[in-house]
Every structure is written in C-alpha cells, then in structure tokens.
1. Please specify each residue of segment 57-100 satisfying the condition of being assigned to a helix (DSSP H, G or I) and either closer than 22 Å to Arg175 by Cβ or under 16 Å from the mean Cα position of the chain (by Cα) (or both).
2. Residues in segment 25-81 that are touching a Leu at 6+ places or on another chain (Cβ under 6 Å) and among the aliphatic types (A, V, I, L, M): how many?
3. Within segment 155-165, track down each residue that is surrounded by fewer than 24 Cβ atoms within 10 Å (Cβ to Cβ) and out of contact with any His (no Cβ under 8 Å at 6 or more places or on another chain).
4. Go through segment 140-239 and tell me which strands (runs of 3 or more DSSP E), entirely inside it, have 1 or more residues that are hydroxyl-bearing (Ser, Thr, Tyr) and in contact with a Ser or Thr (Cβ under 6 Å, 6 or more places away or on another chain).
5. Give Asp100, Asp88 a once-over and let me know the one that is surrounded by fewer than 19 Cβ atoms within 10 Å (Cβ to Cβ), out of contact with any His (no Cβ under 7 Å at 6 or more places or on another chain) and under 15 Å from Met163 (Cα atoms).
6. When the residues of segment 101-130 are filtered to those that are over 21 Å from Lys189 (Cβ atoms) and assigned to a loop (DSSP other than H, G, I, E, B), which remaining residue is nearest to the chain's Cα centre (by Cα)?
7. If the Cβ limit is 7 Å and pairs must be 6+ apart or interchain, which residue in segment 45-67 that is surrounded by fewer than 21 Cβ atoms within 10 Å (Cβ to Cβ) pairs with which residue that is polar (S, T, N, Q)?
8. Within segment 170-183, identify whether any single residue is within 24 Å of Phe13 (Cβ to Cβ), surrounded by 19 or more Cβ atoms within 10 Å (Cβ to Cβ) and either touching a residue at least 24 places away in the same chain (Cβ under 8 Å) or not hydrophobic (A, V, I, L, M, F, W, C) (or both), and answer yes or no.
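The values are calculated or read from the model by the stated rules, or taken from the named source; none is laboratory data. All values derive from a computational prediction rather than experimental measurement. Cβ: placed from backbone, ideal geometry, glycine included. Neighbour counts: every protein chain shown.
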Amino acid sequence: MSHHIVEVEDLHFTYPDATAAVQGISFRIHHGESVAIVGANGAGKSTLLLHLNGYLTPGEGRVRIGDYPLTRETVNEVRRSVGMVFQDPDDQLFMPTVFDDVAFGPLNLGLPAEEVESRVVDALERVEALHLRDRPPFRLSGGEKRAVAIASVLSMSPDILVMDEPTTGLDPRARRRLIGLLDSFHHTKIIATHDLDLVLDLCERTIVLHEGTVTADGATEEIFRDDDLLARSHLEKPLRLQGCPICSPKT
C-alpha cells in the first residue's frame, strides 16, 4: 500500500460529555488527491481531522495511514507521514523565534544540525517567510503566523498535508497568497473549511459531512451545484456559483 493513502472505515467517536461527533464515516484518499471536507458547524470536520494525525484515536472503526493502522503504538509513525495545520496558528507556534518553531520537528527526529538548518530555510522560503526567521511568533500578523505554521509542518517533509480552516482570519491578499501556496504543493491535501470558493480553487473532490456522517463524496463542482444536497447539509453555494442577484433573470 502506498504510504500516501488515507483510509477511514466506519469511524465512530464520542466525547466524554456523550457528544457523538463522528458516526460511521468511511472514505479512501489516494496519493496526490486534493480533498475538501465541508459541513456546517458541528458536522464533525475537526474531530475527523484530529484522527488523521493521531491526536484522537477511534472509539470504533479504523483509520489507516499508508501501511499503518492508527493506534497508540503507531502514532509516531503516522505523524511522520501526516502534517497537521491547526485552525489557530497560536496552537502550533510556541517557541521564542520563528526559526525555533520550524526547527522543532526536525530536531525531535534527531536530525543533524546541518540538515535541520537546511529544512528550516527551505520551508520558510517556500512560504515566503525566510525574512521572519528571527522574529518572535507573537509579533507576527495573522497571515504571517499561518505561513510559519505551514512551514513548521513542511520542515517535517510530510507525505500528507491536513489543514483545518486555513483561511480563517486572513485578509483577501493573505488568502490569495495562501491559495497560491497550497496550489503549488504536490502533497496529498485534505482541507476542512467553510470557504467553499477556496475549495473550488484547490480541491477536485469534496466530502460533505452532516451530523457526523458522510452525506456526499464526489466531484466538487457537481456537489456544489446540487441545491438539495447543500440545503440538507446547511451549506450555501460558493459565491462564484451564486450569480449576481441583480443581473440574474427572475423566475
């Protein structure tokens, strides 16, 4: 099995307060795919993503990343393959400088100093943030923090990039830069987001979640043109597919 494949089979997860967040989710993602996970608040998106990097382990069902079923014993191997970028970059950036944050993962892999330096420089260059290397993360803008959080994942050379709401809090220019950046990556990408226009730009496949279950899985444009499906899932069409309310003919 390719080390890039992500397979989720009949996944269930209930939080300690008895909230059933995920209820029987199944799908398979292959090498090089760019897949969106969409749904209303509470649909189970973030809970699902936390299983893909081992922050949560299944209550029932199975998650497999490449050759590794996700268990407490395999979680370190899974995290070598899957890089997770959280919704809030402040959850990822905790070191005194940007360089230290991006170097944290490679150092924990036991890599020699020369390779750590090379990985950090390469990752920061890819997100156009090398000039920030000596800055403290708390002094960065929202867009800069997002770029550095992505660099901290890229420095680990993951096979699979998982992102939770990557455009939250970004201004239009920072959002455009992020879309261009993600479009240039050849990783397998899994993106949970409410930004459905971003999905149209980046993801050829979309999985729709509603109340912890998969209600659709298919080609992005087909899903976003299914008005009944979107209504049942409490989603709106992407803005670019809605048309102008003034110019569009009334029926």
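1. As a first pass, look at segment 57-100 and keep what is assigned to a helix (DSSP H, G or I): 75-81, 89-91, 98-100.
Hits for segment 57-100 are Val78, Arg79, Arg80, Ser81, Pro89, Asp90, Asp91, Val98.
2. Matching residues across segment 25-81 total 6.
3. From segment 155-165, those surrounded by fewer than 24 Cβ atoms within 10 Å (Cβ to Cβ) are 156-159, 161, 164-165; that's our starting set.
If the condition is that a residue be surrounded by fewer than 24 Cβ atoms within 10 Å (Cβ to Cβ) and out of contact with any His (no Cβ under 8 Å at 6 or more places or on another chain), then Met156, Ser157, Asp164 are the ones that fit.
4. On the way: elements: 160-164, 188-192, 205-210, 213-219.
The qualifying strands (runs of 3 or more DSSP E) are 205-210, 213-219.
5. On the way: Asp100 fails: under 15 Å from Met163 (Cα atoms).
After ruling out the rest, the residue left standing is Asp88.
6. From segment 101-130, those over 21 Å from Lys189 (Cβ atoms) are 101, 103-104, 106-118, 120-121, 130; that's our starting set.
Going one step further and asking which of them are assigned to a loop (DSSP other than H, G, I, E, B), we end up with 109-112.
Numbers: Leu109: 22, Gly110: 26, Leu111: 26, Pro112: 29 Å.
If we take residues in segment 101-130 being over 21 Å from Lys189 (Cβ atoms) and assigned to a loop (DSSP other than H, G, I, E, B), then Leu109 is nearest to the chain's Cα centre (by Cα).
7. Every condition considered, the pairs that remain are Leu56/Thr47; Thr57/Thr71; Gly59/Thr14; Gly66/Ser2; Gly66/Ser81.
8. The initial filter retains those residues of segment 170-183 that are within 24 Å of Phe13 (Cβ to Cβ), namely none.
Checked segment 170-183: no residue is within 24 Å of Phe13 (Cβ to Cβ), surrounded by 19 or more Cβ atoms within 10 Å (Cβ to Cβ) and either touching a residue at least 24 places away in the same chain (Cβ under 8 Å) or not hydrophobic (A, V, I, L, M, F, W, C) (or both).
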